[in-house]
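**Student:** Would you mind keeping the following structure in view while I ask a few things?
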Protein chains: 2
Amino acid sequence: MSALPTPRILLGPGPSSVTPRVLEALGRAPIGYLDPELFTILGDLRSNLRTVYGTKNDFTFPLTGTGMAGMESCLVNLVEAGDKVLIGVNGFFGLRMVEICRRLNADVTVINGEWGRILEPEAFAAELDKLGSVKLVACVHAETSTGVATPLAAIAELAHAHGALFLADMVTSLGGIPVEIDNWGVDVAYSGTQKCVGAPPGLSPLTISERAWEVATTRKTAVPNWYLDWKLLRAYYDAPHAYHHTVPVNLLFALQEALTEMMEEGLEARYARHRDVSAYLMEGLDKMGIRLFSQEGYRLPNLNAIHVPEGVTDEVAVRKRLLEEFGLEIGGGLGDLKGKIWRIGTMGASATRRNVALLVAALNEIL
Amino acid sequence: MSALPTPRILLGPGPSSVTPRVLEALGRAPIGYLDPELFTILGDLRSNLRTVYGTKNDFTFPLTGTGMAGMESCLVNLVEAGDKVLIGVNGFFGLRMVEICRRLNADVTVINGEWGRILEPEAFAAELDKLGSVKLVACVHAETSTGVATPLAAIAELAHAHGALFLADMVTSLGGIPVEIDNWGVDVAYSGTQKCVGAPPGLSPLTISERAWEVATTRKTAVPNWYLDWKLLRAYYDAPHAYHHTVPVNLLFALQEALTEMMEEGLEARYARHRDVSAYLMEGLDKMGIRLFSQEGYRLPNLNAIHVPEGVTDEVAVRKRLLEEFGLEIGGGLGDLKGKIWRIGTMGASATRRNVALLVAALNEIL
């Protein structure tokens, strides 16, 4: 038998820890990709995904792949070469949207927001007025790289007023803070399972409105990505279920269980738990004089970005000690923020006061 | 808790059943995607993948995605718009290669082989002489849709003589029949984990020669697929491990365990087991007068394609009874073979005499 991994408490930017009950579901014996019982499981799972997304979108499903596959899937289905796209960037993942659109030879306009602050609707309004018609407006809801949540409704409204679809990255928000696809007017969104949803990594919950479906399925050219083509995927996920690829059935078992657990906890109680644990963490960090990185009033309770404490000359060494001596994982900064901030995830099953108490104690000892 | 799936014996075209020990590994608590222990696991796993592939290729790794993601990954990294590609098609999965290449606007030439028979080197020689220089020659090693294994060495040699790379689909062969990447001259290959490798679905083991790497990394245009871009992926899998996406760590645990199990069994013993179980199945089917579909001398011992028995008017109903009354899954035909053949997988942990005895008994009862 291979060596057992050392137990970790995952307080980084994901994956988060998952409950024993989700691990049990993950380890169930697989069934076939056309087994009628799998479609019962998928039906249950998709229904719960609609609930947590706050949407009636029929085509809401777990894409095979991580959140980044979700991002690529949305862009490659909606954007053709030459299409005008407007992307708000206030962190690492916004940049990735831009990179993917450029590879698709789209005509990309970028709003460069400050990392650590929200994107302002006024910036979108100004660019949209300049651009006239745009096919797609996109941004990240909860930037995993900075710990900030941008309010989306006003941006979605502006996009629609200019005839554009509005796409949001909800990888870090889904299951951790309220998400209201339909009320906010979000046309398409993708997420991941390994952050606040409480399942292991490997699936990307997508929700696609009929409006976005129409745009994707009336495009001029074939989608240059067979594996992520929505038409082929929908033909599998919806009856009569035509074979596309062998879905990762064990990950689906685990996601179903994680969503069942989420519904039992209740969404409001879950969001309250994330807020409570984050506040408890803030108390502990405040006593140590550690400063928050993210814009006040918009900081995520599930992804706590903080400045590397003054006096720490080797932040990597501190994180290494946390991992080796306490089994605690926290995240470093991405891109320009590398070496400057730490990212403490309190997401899903990782969001407990016990985990935070241990982290604060460990930091106190090391610093 | 969600309802437990009914236990199944998976004798279809995949996923196959996995052992309790692999399921135990799958259900271990996740660790982070940059955890040093994960890279130890990946090192072990990648080394064993090289052994089963019969290669020294350094860039051999488990792609996040199923075998179809592996196919797309190879084609999208190697093929640019306008590139000449020659594809041998003798089944459903060869057709999919053609479809993906067309979406990439490649200049595709197709060799239409008969479904159920191998691809002959002479057909490749004739087309290559006509085409002159070609960038890529590709075909499927073990066609999952027909149960036939095409010998690859002669085709690879022809490809090289015309300056082309040779790509092979090894989704169904890897771990079930001998695979010799280096000896046969295969430049690139992809597989899946859920057939003969003995792990759950969701990963695609890839092996990429330095020659193919050179072609992929000196192409003129950016790879129009960020998620499957080899350069970005290699920067994560090789040190110093730059973040690309959150790898599905639980699937990696399971794959490591499945490969450890495979090495303990021994490759020769494993191939012998697949041959033995298939011969035992053939005995049982022969007594029932059921005829083989695949070309004699080249039929796969792990994917047994047979004609739907004469007198069966509703083959779907028979498979439904097998599933509902006996918990046995076998596969139907794909594409033009729908309704005409059955595909019985005896792969990985599913390849046992006990499973076959039950299937033959069940078929005897139903027919």
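The numbers here are math on the coordinates, done by the rules we state, and not lab data. These numbers were taken from a predicted model, which means no experiment stands behind them. Neighbour counts run over all protein chains shown; Cβ positions are idealised from the backbone, glycine included.
**Student:** Would you please state the base-10 log of I(q)/I(0) at q = 0.14 1/Å for the range A:39-131, with intensities from the Debye formula using one equal scatterer on every alpha carbon?
**Tutor:** So the normalised log intensities work out to -0.68.
**Student:** Continuing with this model, one more query. Which percent of Cα pairs goes in each bin when the distances of the protein assembly as shown are cut into 10 angstrom slices starting at zero?
**Tutor:** 3, 15, 25, 26, 19, 9, 3, 0, 0
**Student:** Place the label 7 angstrom along Cα→C-beta at B:Asp129 and in each other copy, then list the distances from the first to the rest in nm, shortest first.
**Tutor:** Here B:Asp129 shows inter-copy label distances of 7.0 nm.
**Student:** Normalising by the residue count of chain A, find the relative contact order in percent from Cα pairs under 8 Å and 6+ residues apart.
**Tutor:** On the way: 720 pairs, mean separation 91.3, N = 367.
That works out to 25 percent.
**Student:** Quick one: grab the alpha carbon gyration tensor of the range B:102-148, order the square roots of its eigenvalues as a ≥ b ≥ c, and give me rounded if a/c is under 1.5, else prolate or oblate depending on whether a/b is larger than b/c.
**Tutor:** Oblate, because a/c is 1.5 or more while a/b does not exceed b/c.
**Student:** So what J values fall out for the range A:263-277 if you push phi through Karplus, 6.51 cos²θ - 1.76 cosθ + 1.60 with θ = phi - 60°, rounded to Hz, Gly and Pro as x?
**Tutor:** 3J(HN,Hα) across the range A:263-277, in whole Hz: 5, 5, 5, x, 5, 4, 5, 5, 5, 4, 4, 4, 5, 4, 5.
**Student:** Sticking with this structure for a sec: State log₁₀ I(q)/I(0) for the range A:176-247 at q = 0.14, 0.18, 0.21, 0.25 Å⁻¹ as given by the Debye formula over alpha-carbon point scatterers of equal weight, solvent excluded.
**Tutor:** So the normalised log intensities work out to -0.58, -0.92, -1.13, -1.26.
**Student:** Considering the Cα trace of the range A:42-197, what is its radius of gyration and what is Dmax, both in angstroms?
**Tutor:** Computed over the Cα atoms of the range A:42-197, radius of gyration and Dmax are 14.5, 45 Å.
**Student:** Once R0 is set to 56 Å, what does the formula 1/(1 + (r/R0)^6) return for the Cβ-Cβ distance between A:Arg354 and B:Lys220, expressed as a FRET efficiency to the nearest 0.05?
**Tutor:** Working from the Cβ atoms, E equals 0.55.
**Student:** Once amide H atoms are placed 1.01 Å from N in the peptide plane, what residues at a sequence separation of 5 or more from B:Trp115, or on another chain, have their amide H within under 5 Å of its amide H?
**Tutor:** Distant-sequence amide H within range of B:Trp115: zero hits.
**Student:** A further question follows. Positive end of the dipole of the range A:20-262, charges at C-beta (+1 Lys, Arg; -1 Asp, Glu), about the Cα centre: which of A:His244, A:Leu38, A:Thr144 has its Cα farthest in that direction?
**Tutor:** It is A:His244, whose Cα lies furthest towards the positive end.
**Student:** If we count other beta carbons within 10 Å of each Cβ, what is the order of B:Glu157, A:Glu210, fewest first?
**Tutor:** Going from least to most buried by this count: A:Glu210, B:Glu157.
**Student:** Looking at the axis that maps chain A onto chain B, which chain A residue has the closest Cβ, and how far off is it in Å, rounded to a whole number?
**Tutor:** Spelled out as residue then distance in Å, it is A:Gly27, 2.
**Student:** Now for a separate question. In whole Å, how far is the Cα centre of the range B:1-51 from that of the range A:261-282?
**Tutor:** After rounding, the separation between the Cα centres reads 31 Å.
**Student:** Sticking with this one: So for the range B:260-347, what percent of the C-alpha to C-alpha distances run longer than 22 Å?
**Tutor:** Tail fraction, whole percent: 32.
**Student:** Restricting to the range A:20-262, what percent of DSSP beta bridges are antiparallel, rounded to 5? Don't jump to the answer; show the numbers that get you there.
**Tutor:** Values: 11 of 28 bridges.
The answer is about 40 percent antiparallel.
**Student:** Right, next: How much length, in nm to one decimal, is gained on full extension between B:Leu267 and B:Glu157, taken as 0.36 nm per residue of separation minus their Cα-Cα distance?
**Tutor:** So the chain would gain 37.0 nm between B:Leu267 and B:Glu157.
**Student:** Based on the mean of other beta carbon atoms within 10 Å per residue, what is the order of B:54-61, A:317-324, A:186-193, most packed first?
**Tutor:** So the order, starting with the most tightly packed, is A:186-193, B:54-61, A:317-324.
**Student:** Can you give me the relative contact order of the range B:275-367 as a percent, contacts being Cα pairs under 8 Å and 6 or more apart?
**Tutor:** 33 percent
**Student:** A further question follows. Distances from A:Gly43 to the same position in the other copies: list them in nm, one decimal, shortest first, using label points 7 Å from Cα along Cα→Cβ.
**Tutor:** Nearest to farthest, the other copies are at 4.9 nm.
**Student:** Using modelled backbone amide H atoms (1.01 Å from N, in-plane), which distant-in-sequence or interchain residues come within less than 5 Å of B:Leu303's amide H?
**Tutor:** Residues meeting the criterion, in which the H sits 1.01 Å from N, are B:Thr346.
**Student:** For A:His241 and A:Lys130 in the same chain, what is the full-extension length gain: residue separation times 0.36 nm, less their Cα-Cα distance, in nm?
**Tutor:** 35.5 nm
**Student:** Still on this structure, I have one more. Using each residue's phi in the range A:132-149, evaluate 6.51 cos²θ - 1.76 cosθ + 1.60 at θ = phi - 60° and report the 3J(HN,Hα) Karplus result to the nearest Hz, with x for Gly and Pro.
**Tutor:** Those phi angles translate into x, 8, 9, 7, 9, 10, 9, 7, 8, 5, 10, 6, 5, 7, 10, x, 10, 10 Hz.
**Student:** Provide an ascending nm list, one decimal, of label-point separations from A:Lys220 to the equivalent residue in each further copy; define each label point as 7 Å from Cα along Cα→Cβ.
**Tutor:** The answer, with the shortest distance listed first, is 2.1 nm.
**Student:** Where the centre of each part is set by its Cα atoms, how far does the range B:85-129 sit from the range A:152-170, in angstrom?
**Tutor:** Spelled out, the Cα-based centre of one part sits 44 Å from the other.
**Student:** How many times 2.2 N^0.38 Å is the alpha carbon radius of gyration of the range B:134-234?
**Tutor:** Relative to the rule-of-thumb radius for its length, the range B:134-234 sits at 1.11.
**Student:** Let me ask something else. From the cross-link list A:Lys320/B:Lys231; A:Lys56/B:Lys338; A:Lys135/A:Lys340; A:Lys287/A:Lys320; A:Lys195/B:Lys56; B:Lys84/B:Lys340, which pairs have alpha carbons spaced over 31 Å apart?
**Tutor:** A:Lys56/B:Lys338; A:Lys135/A:Lys340; A:Lys195/B:Lys56; B:Lys84/B:Lys340
**Student:** Hey, what do the phi angles of the range A:210-226 turn into as Karplus ³J(HN,Hα) couplings, whole Hz, using 6.51/-1.76/1.60 and θ = phi - 60°, x for Gly and Pro?
**Tutor:** 3J(HN,Hα) across the range A:210-226, in whole Hz: 4, 5, 5, 4, 4, 5, 5, 9, 10, 5, 7, 10, 5, 5, x, 8, 5.
**Student:** Please list, in chain and number order, the residues 5+ apart from A:Leu165 or on another chain whose amide H is under 5 Å from its amide H, with Hs placed from the backbone.
**Tutor:** Those qualifying (amide H under 5 Å, at least 5 residues apart or on another chain) are A:Leu136, A:Val137.
**Student:** Taking a quarter of the surface of the Cα convex hull of chain B, what do you get in nm²?
**Tutor:** Working: hull surface 73.3 nm².
Spelled out: convex hull of the Cα atoms, projected over all directions, averaged, 18.3 nm².
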